[in-house]
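Participant: Have a look at the structure that comes next, please.
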Amino acid sequence: MTGGDRVFYARGMCVRRRPIQEPVELLVDGERVAADRGEPVAAALLAAGRSLFGRSVKYHRPRGPLCLEGRCDGCLMRVDGVPNVMSCRVGAEDGMRVETQNVLGSARVDLLAVTDWFFPEGMDHHHMFTRFGPINRLMQKVARRIAGVGRLPDAAASAVAPRELDVDVLVVGGGRSGIVAANAAAREGASVLLVEEQQTFGGEAGLLGESVPVLGPPVDARRGVGAVAVYQEPAVGFAGREPTDEAVRWVLLEDAEGLLRVRCGSLVVATGTDPVPPPIAGADRPGVFSARAALRALQWGIAVGGRVALVGWGAALDRAATVLGPEQVLGPFAPTQVSAVEGRPRVEAIVVDGRRLPCDALVFDGVRSAAYAVAAQAGGEVAWDGRGFVVLADDDGRTHAPGTFALGRVTGRLFDRARAEAVGRCAAKGAGLAPSPPLVRPPPRSAPAPLPAQASDKIVVCRCEDVTLHDLEEAVQSGYRDIESVKRYTGFGTGWCQGKQCVALCGQMIASAGGDDAERPFTARPPVRPLALARLAKLVDEPEPR
Amino acid sequence: MSTVVCDPRDLPEDADVVVVGAGIMGLSAAYNLALEGVGRVVVLDKGYLCGGASGRNGGGVRSQWSSEINIRLMKRSLAICAEFATRMRINVWFRRGGYLFLARSSERAAQLARSVELQRAHGLPTRLVDAAECRRIVPELATDAIVVASYNPQDAVVFPWPFVWGYAAACRRLGVGIFPFTELIGIETDGRRVTAVATPFGKVRTPLVVNAAGAWSPEVARLVGVEMPNRPHRHEICATEPLKPFLKPLVAELATGLYFSQSMRGELVGGISNEQVPEGLDQRSSLRFLGLYARALTGLVPRLGHVRVLRQWAGCYDITPDGSPIVGEVDGLEGFVLLAGFMGHGFMMAPIMGQLLARYLLAGEEAELFARWNLRRFATGELLQETMILG
Ligand SMILES: Cc1cc2nc3c(=O)[nH]c(=O)nc-3n(C[C@H](O)[C@H](O)[C@H](O)COP(=O)(O)OP(=O)(O)OC[C@H]3O[C@@H](n4cnc5c(N)ncnc54)[C@H](O)[C@@H]3O)c2cc1C
Ligand code: FES
């Protein structure tokens, strides 16, 4: 099978809008699937009509990609013998082996999906089967057998030593504000490294088709490089580093080859936001995409659906509507109007004000969660600003952590070009600047939003761990009212994305269910995204005790 | 009232006992005191439940120890853990996968052999196993450097959080008041005995205070002028992405202090010693830890190289000069009782220690143990010895 005769095709409902340039073949669960060399594997699968990528952890509900930005768990697959690979982050190569995980049978007919049906109200895993010892032991045996997502990797990975780098200013996030700040810092004579996690610069503005500032030449700008953790500690036994007595800030970056251990004078965080899926019954199924995901897919030449329901608001949603084309879209509808998302398994209809509207995809936007993890790990303070958790920063971008700056959407505030340049200049002037108090405090939280009514299907509020709205309410009713306790009691925020998609929503829902107003999110624990052990194994080179 | 934890504004004015710290130790003590008939028990914690070491540990429970007393106590603790789910009506995911202790030098091997002998003398099924048998137990293990290992298939791992919730819920059923976000800020005495405790929400009059504040216990003791020699030391730990079950035992290696096990969710949970950690109440994560852990773990199980760390965190060990706990009354201050100094193994000690403390206070049982582990040994110089401590 070559690309030639099947350049434009629509199966499932995703549509390839660009012919395949360099045809290759993937082996997906043993079946051949056409792809364009180097395009994200997830894109190839969507274009081939496969939107069901796997099954969820607990209820084995059908799952598919949601963010296409490496932040959700929807696209995890086993690729060439490695489990839990984000298939939106790997380029297609000829003969690549791609496998569905966590199914008993096939992704389509997963026998374990009975758990979803068997526990329509959700499973109270704390208290179930605790009456009789033998039954409890049997349940635990079964639970262990079906736990986990991927199987152990087929083979060992060789350890990669980190690369070491020292710069004056490290800018994390290559959207508009990050670029402007980086350029301004470079103009002051500082050595500047700018990293962007995605494969394109420009962030939100780039996706919206707005103008993106040009990167000035002295800036070392790298795409496909993410900041994965920030630490404050002395260098003791660090391979390739002089030992230090004093604590130093280390920023760990990751690119396709491995890790970079960076020491920087100033850290500038311009990481933007993450879209938050709306709390609608059944909205965790395949075929639900963020507006940004829809726009990324379009950049890859793929329309996420043939008839797309829009839910929510915002510039990215409007842009998605325009680019998909008016005859392809329905809505936009307010999330509160939508009572259910139906389909078997992929989206087939949404129920709006009681009416069933057929569609084959749902694209949402609206509530955003600041991508605060990097700033928080650096010591910046994060607080609720009425809509979500944001990093507190003053007009010059200074946060509570000396030498750490934040600007752009991650702060929940507006930084125009002049302000963004000022942040860059400030960062270039150096570390050690104490924050200039008082930092702008977010306004107090408004009255909690009403809870959506329970529907016939589960309202999943944390996709990675299959936590439902009902679970949050139960935790609050047991007296676990604060966000740290509810996180532990329900497990929300402890999954693959470590809360990127769910913390803002759950923070709000806890308050709505009668729990505490969370002033700050739960602790942002490193790493920011999952990090392979082989890449960490050469960070330290002192002799190992025997 | 149906909630498990109480609102600080409902703090009572009087109590028969105030337990400081709602970690597993404090809750186990409160539960057992209430079970033995003590009427008004109040538990205070300055933070949320599971905020201390009890919510941050590896969940290992084992009876492989090198001292007679620890072997004897842990055996009893394991029995309580095994019944916990049905007795307390909450799943704690107790799993007897065994503990496999690896030795990579002849000194360590000799140390293991001595412990195994002692454990067998106490009726444990522990045995020494060679490299080939290690591979049968954990096929993914690289065994070239392993001299010998000790293996007790009866040792276990649990999920720590529900133990805390389970004790808390059972406490509530017995009428115990559990007050998170209620810090103890003062202890009042009449010069000879304890009379009350102070919190930001008011005072509670009480004749008996149990200091179960773990790594914070020296701070609590200092509020009433008592010096304790235990010190907090950060201990780090991490969890990987969830994998389908493949690993049966908790594997530990004494020289590096590496340990790892697979949780019921499928994550590999583990840690390693880090000699460079200064004393102090520090719960931050470090890059050095990740480096040490990843190197040791992938060295031992090369197939884990592609496996990813999902989350790392830290808690405090509560380190005593001789590795043994500090429990019982304090000479010269009636009504001030200590239940602390449990190093890095207080989780598995708590089920039995809570029981023993209650019976000791109410009926004078196990007086010899409480004399041996009393604070006064640091003044008299009768220190004790335990060598199978991890981390
Ligand atoms: C990373 C790690 C791994 C470990 N692994 C294991 C293991 O595998 N097996 C095992 O058995 N043990 C393990 N341990 C040790 C075990 O977790 C502890 O020994 C045990 O949890 C101690 O319980 P605790 O109740 O004494 O202390 P904690 O759980 O720390 O409770 C003390 C409580 O006191 C509260 N407090 C402090 N000051 C005040 C105050 N002024 N007023 C009110 N409240 C106060 C704190 O908030 C805290 O909640 C590990 C520990 C760590 C850190
Ligand atoms: S959605 Fe990823 S952890 Fe909650």
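The values are calculated or read from the model by the stated rules, or taken from the named source; none is laboratory data. Remember, predicted model here, so these are calculated numbers, not experimental data. Heads up, the Cβs are rebuilt from the backbone with ideal geometry, glycines too, and the neighbour counts pull from every protein chain shown. When the accessible area is computed, the model is the full protein with side chains, heavy atoms only, and any ligands, DNA or RNA have been set aside. Shrake-Rupley method; radii C 1.70, N 1.55, O 1.52, S 1.80 Å.
Participant: Using heavy-atom solvent-accessible surface (probe 1.4 Å) with all chains present, what is the largest-first order of B:Met264, B:Met353?
Facilitator: In descending accessible area the options line up as B:Met264, B:Met353.
Participant: May I pose another question? Relative to the first principal axis of the alpha-carbon coordinates of chain B, what is the inclination of helix B:346-363, with its axis defined by its Cα atoms, in degrees from 0 to 90 and to the nearest 10?
Facilitator: Between helix and principal axis, roughly 40 degrees.
Participant: Could you list the GluC sites (Glu not before Pro) in the stretch A:35-103 that lie in coil according to DSSP, counting only those with at most 16 other Cβ atoms within 10 Å of their Cβ?
Facilitator: Filter output for the stretch A:35-103: A:Glu93.
Participant: Count neighbours as other Cβ atoms within 10 Å of each site's Cβ, and list the trypsin sites (Lys or Arg not before Pro) in the stretch B:331-391 that are DSSP loop with at most 15 such neighbours.
Facilitator: B:Arg376
Participant: Which semi-axes, in whole Å and largest first, does the equivalent ellipsoid of the stretch A:62-186 have when worked out from the alpha carbon gyration tensor as the square roots of 5 times its eigenvalues?
Facilitator: One finds semi-axes of 41, 20, 17 Å for the stretch A:62-186.
Participant: Moving to a separate point now. Counting only other chains, what is the mean number of Cβ atoms within 10 angstrom of the Cβ of each residue in peptide A:485-494?
Facilitator: Across A:485-494, the average partner-chain Cβ count within 10 Å equals 4.
Participant: When you count, for each residue, the other Cβ atoms within 10 Å and take the mean per peptide, how do B:17-25, A:298-306 rank with the highest first?
Facilitator: So the peptides B:17-25, A:298-306, ranked by packing, come out B:17-25, A:298-306.
Participant: Check which residues have an amide H placed less than 5 Å from A:Phe364's amide H, if you skip close sequence neighbours.
Facilitator: Sorted by chain and number, the residues that satisfy this are A:Phe289, A:Ser290, A:Ala291, A:Val311.
Participant: Right, something else. Compute the helix-to-body angle for B:24-35: its Cα long axis versus the longest principal axis of chain B, expressed 0 to 90° and rounded to tens.
Facilitator: 50
Participant: Something else about it: Counting only heavy atoms of the protein chains, get the accessible area per residue of the protein assembly as shown (1.4 Å probe) and round it to a whole Å² value.
Facilitator: 36
Participant: Further, regarding this structure: Give a residue-ordered list of calculated ³J(HN,Hα) values for the stretch A:498-508 (Karplus: 6.51 cos²θ - 1.76 cosθ + 1.60, θ = phi - 60°; whole Hz; x for Gly, Pro).
Facilitator: Running phi through 6.51 cos²θ - 1.76 cosθ + 1.60 with θ = phi - 60° gives 6, x, 4, 8, 10, 5, 5, 4, 5, x, 6 Hz.
Participant: Rounded to the nearest 500, what is the 222 nm mean residue ellipticity of chain B from helices alone, with -39500 (n - 2.57) per DSSP H run of 4+ residues and division by all residues?
Facilitator: Details: 10 runs with 118 residues, N = 391.
Calculated from helices alone, the mean residue ellipticity at 222 nm is -9500 deg cm²/dmol.
Participant: Output wanted: per-residue J couplings in Hz (rounded whole) for the stretch A:402-409, from phi through Karplus 6.51 cos²θ - 1.76 cosθ + 1.60, θ = phi - 60°, x for Gly and Pro.
Facilitator: Using θ = phi - 60°, the values come out as x, x, 10, 10, 9, 8, x, 4 Hz.
Participant: Using a 1.4 Å probe and ignoring any ligands, DNA or RNA, find the accessible area of A:Glu121 and quote it in Å² to the nearest 10.
Facilitator: That residue has around 130 Å² of solvent-accessible surface.
Participant: Any idea what Rg and Dmax come out to for the protein assembly as shown if you just take the C-alpha atoms, in Å?
Facilitator: 28.1, 94
Participant: Between the DSSP loop rule and a limit of at most 15 other Cβ atoms within 10 Å, which GluC sites (Glu not before Pro) in the stretch B:25-97 are left?
Facilitator: B:Glu36
Participant: Taking each residue of B:169-179 in turn, how many C-beta atoms of other protein chains fall within 10 Å of its C-beta, and what is the average?
Facilitator: Per-residue shielding by partner chains comes out at 1.
Participant: Identify the residues of the stretch A:281-307 with backbone N under 18 Å of a label point that sits 7 angstrom from the Cα of A:Glu327 along the Cα-to-Cβ direction, or state none.
Facilitator: Once the point is set 7 Å along Cα→Cβ of A:Glu327, A:303-307 turn out to lie under 18 Å by backbone N, inside the stretch A:281-307.
Participant: Using a 1.4 angstrom probe on heavy atoms only, work out the carbon and sulfur share of the accessible area of the protein assembly as shown in %.
Facilitator: The C+S portion of the solvent-accessible surface of the protein assembly as shown is 52 percent.
Participant: Which of rounded, prolate or oblate describes the stretch B:99-153 when judged by the alpha-carbon gyration tensor and an a/c cut-off of 1.5?
Facilitator: Here the stretch B:99-153 falls in the oblate category.
Participant: Note the buried accessible area between A and B here, summed over both chains, with a 1.4 Å probe, in Å² to the nearest 100.
Facilitator: 6300
Participant: Pairs of lysines 8 or more apart, or on different chains, with alpha carbons under 19 Å: count those in the protein assembly as shown, would you?
Facilitator: Step by step, the pairs that qualify in the protein assembly as shown add up to 10.
Participant: Quick one: Karplus J couplings for the stretch B:208-223, per residue in order, coefficients 6.51, -1.76, 1.60, θ = phi - 60°, nearest Hz, x for Gly and Pro?
Facilitator: Once θ is set to phi - 60°, the couplings for the stretch B:208-223 become 9, 10, 9, 8, 10, 8, x, 5, 8, 4, x, 5, 5, 5, 4, 4 Hz.
Participant: Using only the heavy atoms of the protein chains and a 1.4 Å probe, how would A:Thr115, A:Thr494 rank by accessible area, largest first?
Facilitator: A:Thr115, A:Thr494
Participant: Using only atoms on other chains, find how many Cβ atoms lie within 10 Å of each Cβ of peptide B:261-273 and report the average.
Facilitator: 3
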